[in-house]
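Trainee: Okay, handing you the structure first.
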Amino acid sequence: IAVGDAWVETLADDVLETIQSSPDQTIVPTELRESGGSRALALLQELASSSGSSSLHLKGSVVIGEGGMGVVRAAEQVALGRTVAVKTLKPDRRRDKASALDLLREAWVIGTVEHPNVVPVHYLGAEPDGSPLIVMKRIEGVEWSKLVGNAAEVQRRFGATDLLAWNLG
């Protein structure tokens, strides 16, 4: 960050410090951290106590992906007879309020975006223990990470001869 940049002077001290010391970290404005968190956790408790989450009826679950905070499983949404992806917190994160807030924020952000490259959110609810769960469209296929550097496979599958152009597309 250049010191002379005018926008730098508009940042709160804690945000500027985060950018300089940990540029790969997510920045959450102080006012959201203080006020939004309690409202979000209250909403999560409401979701957990409502009958809506128990009527979702997800059957079976096979782990299809895992990250730092969450795990994604394929499950059948019985009422609609479709396979969905269900993201929940890892067992060691279920009691962590910060992780619950992060998963809620993820659901709210991707739930408001409608784009072919963003997985649609079908439902936001809570597990019986009160931790959040996100039900999303199940996407089948090969992970991009397995294709990003494999020109021969990209050409075989998609007929693309320019690997960079295909990845950017």
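The values are calculated or read from the model by the stated rules, or taken from the named source; none is laboratory data. Remember, predicted model here, so these are calculated numbers, not experimental data. Ideal geometry is used to build each Cβ from the backbone, glycine not excepted, and the neighbour counts take in all protein chains shown. Surface areas here come from the heavy atoms of the whole protein model, side chains and all, with no ligands, DNA or RNA. Shrake-Rupley method; radii C 1.70, N 1.55, O 1.52, S 1.80 Å.
Trainee: Going by the conditions given, is residue 100 surrounded by 14 or more Cβ atoms within 10 Å (Cβ to Cβ), hydrophobic (A, V, I, L, M, F, W, C) and not in a strand (DSSP E or B)?
Mentor: yes
Trainee: For residues that are over 30 Å from residue 88 (Cβ atoms), small (Gly, Ala, Ser) and modelled with pLDDT under 90, tally how many sit in segment 136-169.
Mentor: 1
Trainee: Would a scan of segment 107-128 turn up a residue that is without any contact (Cβ under 8 Å) to a residue 60 or more places away in the chain, loosely packed, with under 11 Cβ neighbours inside 10 Å and part of a helix (DSSP H, G or I)?
Mentor: So far as segment 107-128 goes, yes, one or more of its residues are without any contact (Cβ under 8 Å) to a residue 60 or more places away in the chain, loosely packed, with under 11 Cβ neighbours inside 10 Å and part of a helix (DSSP H, G or I).
Trainee: Quick one: how many residues across segment 125-134 are in contact with a Leu (Cβ under 7 Å, 6 or more places away or on another chain) and more than 8 Å from residue 88 (Cα to Cα)?
Mentor: Within segment 125-134, residues that are in contact with a Leu (Cβ under 7 Å, 6 or more places away or on another chain) and more than 8 Å from residue 88 (Cα to Cα) number 4.
Trainee: Right, next: Just the residues that are closer than 14 Å to residue 73 by Cα and part of a loop (DSSP other than H, G, I, E, B), please, taken from segment 129-143.
Mentor: Answer for segment 129-143, where residues must be closer than 14 Å to residue 73 by Cα and part of a loop (DSSP other than H, G, I, E, B): 138, 139, 140.
Trainee: Related question: For residue 161, all conditions in the list (1) in a loop (DSSP other than H, G, I, E, B); (2) of a type in the set (S, T, N, Q); (3) open to solvent by less than 50 Å² (accessible area, probe 1.4 Å) hold save one; what is the number of the exception?
Mentor: Answer for residue 161: the failing condition is (3).
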